[in-house]
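Okay, so here's the structure we're looking at.
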């Protein structure tokens, strides 16, 4: 049985991850800014990224640390202040945990760091016959630079005996919120929007596969370094929305194009990422032995919409 500390355990992925490990009998400790009482077998410990402090007693018990902490990239319009918050929340969380693990007594054997496919720039051509692999350099725009700083925040762990794994996570699809909620909201009214020209590729992953991948990595001593956490079959925006419309509504839906200029007015600089095509390779994690539960977008959407019953 592992004792697993999760930073960012109250987020979309963190909640599923905490419940998953607790259900398997592992001890789970979520880092929080304030003291909280245990719930559903999950404990809490205090940390503060501003002062770079972590509860020493909790850290002394841990065998695995997972860092998912960071301000939501798509939660608010990107003002300069928001961009700084997105960057600092990620870098400070990595630095705080690294400082604790290199200065406080602990028995942690595995550290898992979240990053994002924002590391990569736009596809040079669409469709892109050469998906981005983990060796590709970081893009120089905001998200690429943020991901680079995020990953570098734990660099000092490489000089320890702790096995470090970084997952560059794609667009996470979950029935509990996030991107899928935004995709599905208009479809509830039988309106299926296509963003821009719809050709931009979305490299996605079902949240259960992301949780499964993290679990697999912890249990697999040979898994180490950087891995893309994206499903084997990226799809363009038009295909994603069409499949969603067909599964949710059958043939009774109205396709609605949303021009790029409208998105730029609505989202500002964030529209660049919404319209960006990024085709990301999953070959490295497949070679490491992970097998996807939801390898294609139709299988994923059917599960998210509970459409897997006989007759649906």
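The values are calculated or read from the model by the stated rules, or taken from the named source; none is laboratory data. This structure is a prediction, so every number in the text was calculated from the model and none was measured. Virtual Cβ from ideal backbone geometry, glycine too; neighbours counted across all protein chains shown.
Key figures for this structure:
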read-out: Members of segment 1-42 found to be touching a residue at least 24 places away in the same chain (Cβ under 8 Å), assigned to a strand (DSSP E or B) and surrounded by fewer than 21 Cβ atoms within 10 Å (Cβ to Cβ), listed by number; value: 3, 27, 42
read-out: Conditions (1) touching a helix residue (DSSP H, G or I) at 6+ places or on another chain (Cβ under 6 Å); (2) in a helix (DSSP H, G or I): number failed by residue 76; value: (2)
read-out: Segment 171-204 - residue that is in a loop (DSSP other than H, G, I, E, B) and within 16 Å of the chain's Cα centre (by Cα) and, of those, surrounded by the most Cβ atoms within 10 Å (Cβ to Cβ); value: 203
read-out: Any hit, segment 128-145, residues being over 23 Å from residue 80 (Cα atoms), surrounded by fewer than 20 Cβ atoms within 10 Å (Cβ to Cβ) and modelled with pLDDT under 95; value: no
read-out: Segment 150-179, residues that are over 16 Å from residue 101 (Cα atoms) and touching a helix residue (DSSP H, G or I) at 6+ places or on another chain (Cβ under 6 Å); value: 150, 166, 168, 170, 171, 172, 173, 174, 175, 177, 178
read-out: Residue 10, sole failed condition from (1) at pLDDT 95 or above; (2) closer than 24 Å to residue 217 by Cβ; value: (1)
read-out: All positions within segment 23-58 that are on the phi > 0 side of the Ramachandran plot and modelled with pLDDT of 95 or more; value: 25, 52
read-out: Matching residues in segment 121-163 - criterion: being under 18 Å from the mean Cα position of the chain (by Cα), assigned to a helix (DSSP H, G or I) and farther than 20 Å from residue 49 by Cα; value: 142, 143, 144, 145
read-out: Residues within segment 217-238 that are closer than 21 Å to residue 111 by Cβ and under 16 Å from the mean Cα position of the chain (by Cα), tallied; value: 5
read-out: Matching residues in segment 265-307 - criterion: being farther than 24 Å from residue 193 by Cα and outside any loop (DSSP other than H, G, I, E, B); value: 283, 284, 285, 286, 287
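One line per residue, one yes/no per condition, for (1) surrounded by fewer than 16 Cβ atoms within 10 Å (Cβ to Cβ); (2) more than 25 Å from residue 144 (Cβ to Cβ); (3) touching a helix residue (DSSP H, G or I) at 6+ places or on another chain (Cβ under 9 Å); (4) modelled with pLDDT of 95 or more:
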site	(1), (2), (3), (4)
264	no, no, yes, no
267	no, no, yes, no
272	no, no, yes, no
275	no, no, yes, yes
279	no, no, no, yes
286	yes, no, no, yes
294	no, yes, yes, yes
300	no, yes, yes, yes
311	yes, yes, no, no
